[in-house]
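The values are calculated or read from the model by the stated rules, or taken from the named source; none is laboratory data. What you see is a predicted model; the values in this text were computed from it and never measured. Virtual Cβ from ideal backbone geometry, glycine too; neighbours counted across all protein chains shown.
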Amino acid sequence: MARIETPRRIRGTQDIFGDEQRRFAHVLSTFERVRALYCFQRVDIPVFESTAVFARSLGETTDVVSKEMYSFEDRGGDSLTLRPEFTAGIARAYLTEGWQQFAPLKLTTSGPVFRYERPQKGRFRQFHQIDAEVIGAAEPAADVELLVLADQLLRELGISEGVTLQLNTLGDAATREAWRAALVAHFEAHRSELSEDSLTRLEKNPMRILDSKDPRDRPIADGAPDIDAYLTPEARAFFDAVTAGLDAAGVAWERNARLVRGLDYYRHTAFEFVTDRLGSQGTVLAGGRYDGLIGSLGGPETAGVGWAAGVERLAMLLDEPQATGIDAVVVPMGPEAEARATGIVADLRRAGVAVEMAYKGKMKARMAKADALGARFAIILGDDELAKGVGAVKALDTGTQTEVAFADLAEALR
């Protein structure tokens, strides 16, 4: 008989369990709690979209579109793509579902996203993000609120130490056009010294040369003109309002004039929360204002600003999580006790008590399981207890034991 080969986990995916899962869940539960404090609504969108949604929103020339998207043709012949990020899908939903009537909309979501890239520490092909967006608010106060939300999230996760908010402005459309022309002139003057990738970017996306990690490009990029000389009065006032708002909210920030977003629909605020605790991959949360995105998808010109963060990367920064506490372990001895214990366990769980059942082994082994699970109490059921209608409730920290009527168990355990 042929040996059946055990299937393997797909490269770049992960099975999340134990301590790792507890870290993961803590990030998500903290995010849910903090977003409610800021009155953001939860939204859930499809895992796949028409490929055009991402090609238009991310730009045909970006690495995500040209190299990293999981795209496929479905049985109807349509080109679909597993989402590589959330913003484009939320913008599509805003247009197709008629959400304009609710603007300004404050939305959060979370879930898996997919990019075909080289797996490394904290980076996977299926990974998870949390995401926050404000759509339909052109005021700098929306940028401030999102940044203060992000800052509070990192603080409540206990990972804000050593994390710095880097902030820049990309100006309005007029600013960006003037700065882009100045960058092109600068890079054209050094064309013969640029890397091949940067020569390609020079034709299609010159701002991305400022992000280049290639040693040939760095001196040229570092010598490029800053945006400040090209800011319109309106753009400067917008950035000043954002920084004043952060100061008023007590959120520390530092200017990074080299922080850019390559795509034309980005405007004004760009930001990253960075740390040196993740090696060279130092960004833990990033975002910006994308006032031109919904227009690029065929909708009316609509303001938008948002950020995303990788759940795995945030989880890596957390302290060791505590295992979920268990109130009690029921230890039935004998067939009659086991039958009765099933009803008792069900009643306790319905009453909001976290209970486990110790099914196997002798009394000593079952009590050892209760200890190993970190339970506060063991409820021992034997023939004597059944006859009296009580459970022998033993406090596992002190060893004291009392008899409690079945009907009073839930109250006693609380």
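Okay, here's what the table says:
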read-out: Subset of the stretch 158-181 [among the hydroxyl-bearing types (Ser, Thr, Tyr) and part of a loop (DSSP other than H, G, I, E, B)]; value: Ser160
read-out: Any hit, the stretch 326-338, residues being in contact with a helix residue (DSSP H, G or I) (Cβ under 9 Å, 6 or more places away or on another chain), more than 30 Å from Met367 (Cα to Cα) and aliphatic (A, V, I, L, M); value: no
read-out: Within the stretch 258-281, considering residues that are closer than 26 Å to Arg201 by Cβ and surrounded by fewer than 13 Cβ atoms within 10 Å (Cβ to Cβ), the one modelled with the lowest pLDDT; value: Ser280
read-out: Unique residue being under 17 Å from the mean Cα position of the chain (by Cα), polar (S, T, N, Q) and outside the structural domain of Glu312 (by TED's automatic domain parsing) when the list is Thr108, Thr6, Thr13; value: Thr13
read-out: Check on Asp44, in a helix (DSSP H, G or I), exposed (fewer than 15 other Cβ atoms within 10 Å of the Cβ) and in contact (Cβ under 8 Å) with a residue 60 or more places away in the chain; value: no
read-out: Strands (runs of 3 or more DSSP E) wholly inside the stretch 283-367 containing at least 1 residues that are modelled with pLDDT under 90; value: 326-332, 355-357
read-out: Residues of the stretch 110-150 classified as acidic (Asp, Glu) and buried (at least 17 other Cβ atoms within 10 Å of the Cβ), total; value: 4
read-out: Among residues of the stretch 288-305, those that are free of Cβ contacts under 8 Å to residues at least 60 places away in the same chain and touching a helix residue (DSSP H, G or I) at 6+ places or on another chain (Cβ under 7 Å), counted; value: 1
read-out: Residue check, Leu153 of a type in the set (A, V, I, L, M, F, W, C), more than 24 Å from Tyr265 (Cβ to Cβ), modelled with pLDDT of 90 or more and surrounded by 18 or more Cβ atoms within 10 Å (Cβ to Cβ); value: yes
read-out: Close pairs (6 angstrom Cβ cut-off, 6 or more residues apart or separate chains): part of a loop (DSSP other than H, G, I, E, B) in the stretch 1-19, surrounded by 10 or more Cβ atoms within 10 Å (Cβ to Cβ) anywhere; value: Gly12/Pro119; Gly12/Phe124; Gly12/Arg125; Thr13/Gln126; Gln14/Phe124; Ile16/Phe24
read-out: Answer residue from the stretch 396-414, given it is in contact with a helix residue (DSSP H, G or I) (Cβ under 9 Å, 6 or more places away or on another chain) and touching a residue at least 12 places away in the same chain (Cβ under 8 Å) and is surrounded by the fewest Cβ atoms within 10 Å (Cβ to Cβ) among those; value: Ala405
read-out: Number of positions in the stretch 182-227 that are of a type in the set (D, E, K, R), closer than 17 Å to Asn256 by Cβ and either in the same structural domain as Ala257 (by TED's automatic domain parsing) or not in a helix (DSSP H, G or I) (or both); value: 2
read-out: Some residue of the stretch 319-339 being within 30 Å of Val284 (Cβ to Cβ) and buried (at least 19 other Cβ atoms within 10 Å of the Cβ); value: no
read-out: Residue within the stretch 165-172 that is hydrophobic (A, V, I, L, M, F, W, C) and under 30 Å from Arg11 (Cβ atoms) present; value: no
read-out: Tally, over the stretch 359-397, of residues that are basic (Lys, Arg) and closer than 22 Å to Gln322 by Cβ; value: 2
read-out: Verdict on Trp179 being outside the structural domain of Phe40 (by TED's automatic domain parsing) and either at pLDDT below 95 or surrounded by fewer than 19 Cβ atoms within 10 Å (Cβ to Cβ) (or both); value: yes
